[in-house]
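Trainee: Following this message is one structure expressed as structure tokens.
The values are calculated or read from the model by the stated rules, or taken from the named source; none is laboratory data. Computed from a predicted model, the values in this text were never measured in an experiment. Neighbour counts are summed over all protein chains in view; Cβ atoms, including those assigned to glycine, are modelled from backbone coordinates with ideal geometry.
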Amino acid sequence: MKKRFPLSRRTFLRGAGAALALPLLEAMLPRSFLKARADEAIQPPVRAAFLYFPNGAYPAAWNPTQPGSDFDLPLCLEPLAPVRQNVLVITGLDKANSHSGDGHYAKTANFLTGLHVEKTTGLNINAGGISVDQLAATRIGNLTPLPSLELGTDPVATGIDANVGYTRLYSSYISWRSAAMPMPCEINPRLVFERLFGPKDENGQPLPVARTEDNRSLLDTALEDAHTLRRQLGHNDQQKLDEYLESVRSVESRLAYTAPANRWIPPTRPENPPIPPAAIPRANPAEHVRLMLDMIALAFWTDSTRLTSFMFANDVSGRNFSFLEGVRGGHHDMSHHSNDRAKIDQYNIITRWHVDQFVYLLNRLASIPEGERTLLDNSLIMFGSSISDGNAHNPANLPILLGGKGGGRVQPGRHLAGGRNTPLCNLYVSMLDCLGIQVPRFGDSTGPLRGLAG
């Protein structure tokens with residue numbers, strides 16, 4: 001074994017234009033922890049991700065009939081089979097403030113606030129209050145280089161939906177710094193990669209990316225520093241470092257076809273939305289989504305942030321899912337199935353695809369050891385939509401899954417059947433508690449969600 005030395009959790013591998021945060025290594029832990037790994041004060045932190053898919057899910061193909069650990073897996077949940085021990089299927093959750101308003105905009109914008117969405121056709125948008133991820137960012141965001149990370153795949157929608165009299169801006173945001181200040185989603189995977197692994201200042205904050213003359217990758221520029229560090233690590237840490245660098249290399253190589261991007265554009269008001277750069281993989285939406293999910297895994301692995309949100313698509317998105325076998329059209333159109341069996345079948349195929357992506361992220365996090373657990377054990381991955389059946393636009397009995405164990409505070413592997421009309425925000429109160437943030441209430445909550453701990 002190499003001689004151990006104290007290593008800061010905020011150590012970066014640096015090179016020209018790069019600053020790679022490191023995963024948790026034994027060299028970062030006190031000697032006392034290695035002798036007796038039971039001190040709660042030095043356990044890995046809990047992370048939370050909020051994943052949103054639009055247009056709901058067909059209830060008969062989503063809701064299990066059996067509560068508890070022997071729950072069945074309806075058609076849309078069948079992809080959960082290999083990870084069911086790491087997932088809570090939660091039914092009965094509702095958003096009371098979404099029962100008025102239109103079918104989509106008044107339900108999407110408050111997915112993470114739970115509050116009333118102001119009807120407007122202008123720029124005076126209002127989602128009722130701060131979203132749960134941003135509330136958490138105000139409490140623990142200072143502990144990481146990035147307070148939070150907002151990701152998506154669609155550019156900000158603009159204009160007015162004349163059918164319902166709402167601005168389309170509401171379809172593009174689930175994360176809100178305040179009632180009137182949305183957090184725009186970054187949709188370019190290369191820009192996200194550079195936020196995570198580009199140059200940082202002395203406080204770990206991202207700086208503009210300076211391109212190297214020979215156009216080397218960000219990882220290549222930091223390899224010399226990595227090799228130096230590796231020689232000073234023990235065998236276990238060397239293996240962890242090698243696996244981490246291999247994962248970064250894999251993501252970077254998949255980004256190789258995209259054009260160089262400018263530095264990240266910070267959140268702005270909706271009257272001045274960021275212009276999405278070119279070279280986003282529009283031709284391969286599945287790869288676009290997987291790249292973003294890999295970014296979440298890398299961000300949590302390196303403790304670059306502990307809070308992230310991801311929109312698979314904007315609501316009322318016209319995305320065509322004909323790349324899936326058996327589908328010939330768009331998600332929004334299929335969700336308005338009018339009880340047409342052919343449309344319902346295609347609607348279910350699209351929903352299963354979204355669940356497959358959720359499973360992909362869970363498997364990725366479960367493959368990463370962290371302390372005595374895995375990265376998934378130390379995370380909470382909330383996945384859901386803002387309506388149940390897309391044909392009825394009903395915000396009751398929402399399709400919600402929760403992956404991970406929240407650092408041991410959540411007992412997954414069950415169908416948790418909440419009481420009818422249980423506020424979705426009760427789940428958020430409990431998730432905040434797992435993050436070490438105690439609040440008496442959030443949104444329209446009536447208290448914590450009962451039964452998460454078993």
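Trainee: Please work out which residue is farthest from K95 (Cα to Cα), limiting yourself to the range 408-448 and to residues that are part of a loop (DSSP other than H, G, I, E, B) and free of Cβ contacts under 8 Å to residues at least 40 places away in the same chain. Full working, then the answer.
Mentor: Filtering the range 408-448 down to residues part of a loop (DSSP other than H, G, I, E, B) leaves 409-413, 435-448.
Now narrow it down to the ones that are free of Cβ contacts under 8 Å to residues at least 40 places away in the same chain: 438, 440-441, 446-448.
Values: Q438: 21, P440: 18, R441: 15, T446: 12, G447: 14, P448: 15 Å.
Taking the candidates together, the pick is Q438.
Trainee: Continuing with the same structure: Evaluate the range 90-97: report whether one residue or more is in a loop (DSSP other than H, G, I, E, B) and under 27 Å from P184 (Cβ atoms).
Mentor: Our first condition is that a residue be in a loop (DSSP other than H, G, I, E, B); within the range 90-97, this holds for 95.
After this cut, where a residue has to be under 27 Å from P184 (Cβ atoms) as well, the list is 95.
Among the residues of the range 90-97, at least one is in a loop (DSSP other than H, G, I, E, B) and under 27 Å from P184 (Cβ atoms), which makes the answer yes.
Trainee: Further, regarding this structure: Hey, can you tell me all the residues within the range 311-324 that are in contact (Cβ under 8 Å) with a residue 24 or more places away in the chain and farther than 23 Å from Y166 by Cα?
Mentor: To start, the set of residues in the range 311-324 that are in contact (Cβ under 8 Å) with a residue 24 or more places away in the chain comprises 311-317, 319, 321, 323-324.
Matches in the range 311-324: F321, F323, L324.
Trainee: Scan T302, T308 and give me the residue that is at pLDDT below 95 and crowded, with 20+ Cβ neighbours inside 10 Å. Lay out the reasoning, then the answer.
Mentor: Details: T308 fails: at pLDDT below 95.
It is T302.
Residue-wise test of (1) at pLDDT 85 or above; (2) over 21 Å from P395 (Cα atoms).
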{"position": "L24", "(1), (2)": "no, yes"}
{"position": "P30", "(1), (2)": "no, yes"}
{"position": "A38", "(1), (2)": "no, yes"}
{"position": "A41", "(1), (2)": "no, yes"}
{"position": "F53", "(1), (2)": "yes, no"}
{"position": "P59", "(1), (2)": "yes, no"}
{"position": "P64", "(1), (2)": "yes, no"}
{"position": "C76", "(1), (2)": "yes, no"}
{"position": "R84", "(1), (2)": "yes, yes"}
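Trainee: Right, here's the next one. Could you grab me the full set of residues in the range 422-454 that are surrounded by fewer than 19 Cβ atoms within 10 Å (Cβ to Cβ), over 21 Å from W176 (Cβ atoms) and hydrophobic (A, V, I, L, M, F, W, C)?
Mentor: If the condition is that a residue be surrounded by fewer than 19 Cβ atoms within 10 Å (Cβ to Cβ), over 21 Å from W176 (Cβ atoms) and hydrophobic (A, V, I, L, M, F, W, C), then A453 is the only one that fits.
Trainee: Let me ask something additional. List pairs: first residue in the range 235-255 and within 19 Å of N363 (Cα to Cα) and at pLDDT 85 or above, second residue of a type in the set (D, E) and assigned to a helix (DSSP H, G or I) anywhere in the structure, Cβ distance under 6 angstrom, at least six positions apart or on different chains.
Mentor: Final answer for the pair search is V251/D294.
Trainee: A further question on this structure: Given the residues G326, G318, which is the only one that is outside any helix (DSSP H, G or I) and touching a Gly at 6+ places or on another chain (Cβ under 9 Å)? I'd like the intermediate steps shown before the answer.
Mentor: Working: G326 fails: touching a Gly at 6+ places or on another chain (Cβ under 9 Å).
Result of the check over G326, G318: G318.
Trainee: Then there's this: Please specify each residue of the range 143-174 satisfying the condition of being of a type in the set (A, V, I, L, M, F, W, C) and touching a Phe, Trp or Tyr at 6+ places or on another chain (Cβ under 6 Å).
Mentor: At the first step, the residues of the range 143-174 found to be of a type in the set (A, V, I, L, M, F, W, C) are 143, 146, 149, 151, 156-157, 160, 162, 164, 169, 174.
L151, I174 - these are the residues of the range 143-174 that are of a type in the set (A, V, I, L, M, F, W, C) and touching a Phe, Trp or Tyr at 6+ places or on another chain (Cβ under 6 Å).
Trainee: I've got another one for you. Say we look at the range 129-184 and pick out the residues that are within 18 Å of the chain's Cα centre (by Cα) and among the charged types (D, E, K, R); which of these is surrounded by the fewest Cβ atoms within 10 Å (Cβ to Cβ)?
Mentor: Among them, the one singled out is R177.
Trainee: Give the residue, chosen from I130, I140, I90, I125, that is touching a Phe, Trp or Tyr at 6+ places or on another chain (Cβ under 7 Å) and within 22 Å of L380 (Cα to Cα).
Mentor: On the way: I140 fails: touching a Phe, Trp or Tyr at 6+ places or on another chain (Cβ under 7 Å); I90 fails: touching a Phe, Trp or Tyr at 6+ places or on another chain (Cβ under 7 Å); I125 fails: within 22 Å of L380 (Cα to Cα).
Just one listed residue meets the conditions, I130.
Trainee: Scan (1) part of a helix (DSSP H, G or I); (2) crowded, with 22+ Cβ neighbours inside 10 Å; (3) not hydrophobic (A, V, I, L, M, F, W, C) for the single condition G390 breaks and write down its number.
Mentor: Evaluating G390 over (1) part of a helix (DSSP H, G or I); (2) crowded, with 22+ Cβ neighbours inside 10 Å; (3) not hydrophobic (A, V, I, L, M, F, W, C) leaves (1) as the failure.
Trainee: Right, another one. Could you check, for the range 78-86, whether at least one of its residues is in contact with a Gly (Cβ under 8 Å, 6 or more places away or on another chain) and closer than 27 Å to V164 by Cβ?
Mentor: Narrowing the range 78-86 to residues in contact with a Gly (Cβ under 8 Å, 6 or more places away or on another chain): 83-86.
Then keep just the ones that are closer than 27 Å to V164 by Cβ; that gives none.
Checked against the condition, which is being in contact with a Gly (Cβ under 8 Å, 6 or more places away or on another chain) and closer than 27 Å to V164 by Cβ, the range 78-86 yields no hits at all.
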